[in-house]
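Q: The following block contains the structure, expressed as structure tokens.
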Amino acid sequence: SDAICNFVICNDSSLRSQPIIFNPDFFVEKLRHEKPEVFTELVVSNITRLIDLPGAELAQLMGEEDPKLPGANSTASGFFRSLMSLKRKEKGVVFGSPLTEEGIAQVSQLIEYLHKNLRAEGLFRVPGNSIRQQILKDALNSGTDIDLDSGEFHSNDVATLLKMFLGELPEPLLTHKHFHAHLKIADLTLFDEKGNKTSTPDKERQIEALQLLFLILPAPNRSLLKLLLDLLYQTAKKQDKNKMSAHNLALMFAPHILWPRNVTANDLQENITKLNNGVTFMIKHSQKLFKAPVYIRECARLHYLGSRAHTSKDDLDLLTSSGSKELQPLKSQKRSRLDSCHQEETQQRTEEALKELFRHVHNMPDSAKKKKLIRQFNKHPTALTPGSDVPTSPAPRRARSRSFSGLIKRKVLGTPVILERKSRDTTPEPVRVSKENVQLLQKCGSPAHMSQAKLKSLEGQKEESCRRLRARLLSKDSSSL
């Protein structure tokens, strides 16, 4: 109910058996294309959480300022720098031009061919034939179809031409804006128990930082970088045949994809090792670097589902720790809410039904059935008693029938008769005195005092009756006379 799904009916029976591809980064790509400013702010806020970027370097990463690169303020112009600038004066359709999707489509032919010839020894290190390379370069610039499998070109020719294409781009594949961020990522190391930095690289944080940094690359750069790193990863896997390890490949490609343009090794100085190691790390972990972090996926998804989008991973961690140990999916949260609401409604209905039943039993006339029901309520007060609003006093005890003679004996003689009977028993039991008896004893005093008072009252009643009888007799005699 939260998302709107579009269903496409395919009438082609040959396509119905094809597997359905689910892209977990769908909402991430949707947010990138539809709301680039929101997307960039979301990603950069998480980058600054991992690496420390001062104000100037952050402004360069955001594109608000021109990047300040090493050697840019130097007035010295060496032979190497002037030679590179001369090479870039001639711009073709593909080589020397800004990176476009059309250029990537042309260069992808070289990458596909190299995937089939990864066993060539010294691949990317041994130069090919310059004449064949020029023929191939002209063909790519003109946009003509090339049959690389014809055997006219060698794998070393294609590999050298791929490096040439990357080296003639106006800026490195990873862009000038990201240069300082890559240097900071290379410095991410683990901390010891005392909180001090160690020399051991923090691989998890480095992977996370590169994932975020690659998300804000221009789309053509990101597409070609993915193709390139995958090729280098597969090449390093066959280093037993081609003798090219990940580090050797990084030495070949770091100047083309990461080094700033128009700089020499002297301009970079101590940063060369960091840059080379950084490219080596990218090659080894290339299969993980182009997946958006889980919290970025969740933020993008929540953005389109109408919920509040969190701006950083810390916000999601805070919500996760307050609610549960792991971030729950939205479906499980909704299911838990529905279950809790259902339980509350069920409990409320049960309590109301119990209250109604208890009122009905309480208003019933005195009978054996009523006593039985009340005993059941008293046995389970917590489960059957609905609440405190209905009085739960037990039913009044039925008075035990007593004979008239026994009543006269108790009234006249008091409690000694009862005490004499109880004294005869072998196991005396404590006398249970009710509240009414206690009040009566308090008013009348001792049992002996109570019996004397009763006798006096009986004698007075007899005398009064005798007077009345004499008066009646006298009145009858006077009337007869």
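The values are calculated or read from the model by the stated rules, or taken from the named source; none is laboratory data. As the structure is a computational prediction, the values presented were derived from the model and not from experiment. So basically every Cβ, Gly included, is an ideal-geometry build from the backbone, and we count neighbours across all protein chains shown. Accessible surface is based on the protein model in full, side chains and every heavy atom, while ligands, DNA and RNA are left aside. Shrake-Rupley method; radii C 1.70, N 1.55, O 1.52, S 1.80 Å.
Q: Being of a type in the set (A, V, I, L, M) and surrounded by 14 or more Cβ atoms within 10 Å (Cβ to Cβ) is the filter; apply it to the stretch 50-81 and report the residue that is modelled with the lowest pLDDT.
A: Among residues in the stretch 50-81 that are of a type in the set (A, V, I, L, M) and surrounded by 14 or more Cβ atoms within 10 Å (Cβ to Cβ), the one modelled with the lowest pLDDT is Leu69.
Q: Could you please let me know if Ala250 is of a type outside the set (Ser, Thr, Tyr), surrounded by fewer than 17 Cβ atoms within 10 Å (Cβ to Cβ) and farther than 20 Å from Leu53 by Cα?
A: no
Q: Looking only at the stretch 40-67, how many residues end up being touching a His at 6+ places or on another chain (Cβ under 9 Å) and touching a residue at least 24 places away in the same chain (Cβ under 8 Å)?
A: Residues in the stretch 40-67 being touching a His at 6+ places or on another chain (Cβ under 9 Å) and touching a residue at least 24 places away in the same chain (Cβ under 8 Å): 6 in total.
Q: Residues of the stretch 252-268 being charged (D, E, K, R) and modelled with pLDDT under 85, which ones?
A: Hit for the stretch 252-268 is Asp267, nothing else.
Conditions tested, residue by residue: (1) open to solvent by less than 20 Å² (accessible area, probe 1.4 Å); (2) aromatic (Phe, Trp, Tyr); (3) closer than 17 Å to Ala159 by Cβ.
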| position | (1), (2), (3) |
| --- | --- |
| Gly103 | yes, no, no |
| Leu118 | yes, no, yes |
| Phe124 | yes, yes, yes |
| Gly128 | no, no, yes |
| Lys137 | no, no, yes |
| Leu140 | yes, no, yes |
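Q: Determine the pairs where a residue that is closer than 18 Å to Val158 by Cα, located within the stretch 231-243, has a partner that is open to solvent by 20 Å² or more (accessible area, probe 1.4 Å) and part of a helix (DSSP H, G or I) with Cβ atoms under 8 Å apart, the partner being 6 or more residues away or on another chain.
A: Every condition considered, the pairs that remain are Leu231/His115; Tyr233/Lys284; Gln234/His115; Ala236/Lys284.
Q: Hey, another quick one. Would you point out which residue out of Arg205, Arg301, Arg297, Arg261 is open to solvent by less than 60 Å² (accessible area, probe 1.4 Å), in a helix (DSSP H, G or I) and basic (Lys, Arg)?
A: One residue alone meets the criteria, Arg301.
Q: Which numbered condition trips up Glu193, out of (1) in a helix (DSSP H, G or I); (2) open to solvent by 60 Å² or more (accessible area, probe 1.4 Å)?
A: Of the numbered conditions (1) in a helix (DSSP H, G or I); (2) open to solvent by 60 Å² or more (accessible area, probe 1.4 Å), the odd one out for Glu193 is (1).
Q: If you don't mind, another one. Checking the condition within 22 Å of Tyr113 (Cα to Cα), in contact with a helix residue (DSSP H, G or I) (Cβ under 6 Å, 6 or more places away or on another chain) and modelled with pLDDT of 95 or more, which residue from Leu215, Leu227 passes?
A: Every option except Leu227 fails the conditions.
Q: Checking the structure you have, find out if any residue of the stretch 189-206 is of a type in the set (Val, Ile, Thr) and touching a helix residue (DSSP H, G or I) at 6+ places or on another chain (Cβ under 8 Å).
A: Taking every residue of the stretch 189-206 in turn, none turns out to be of a type in the set (Val, Ile, Thr) and touching a helix residue (DSSP H, G or I) at 6+ places or on another chain (Cβ under 8 Å).
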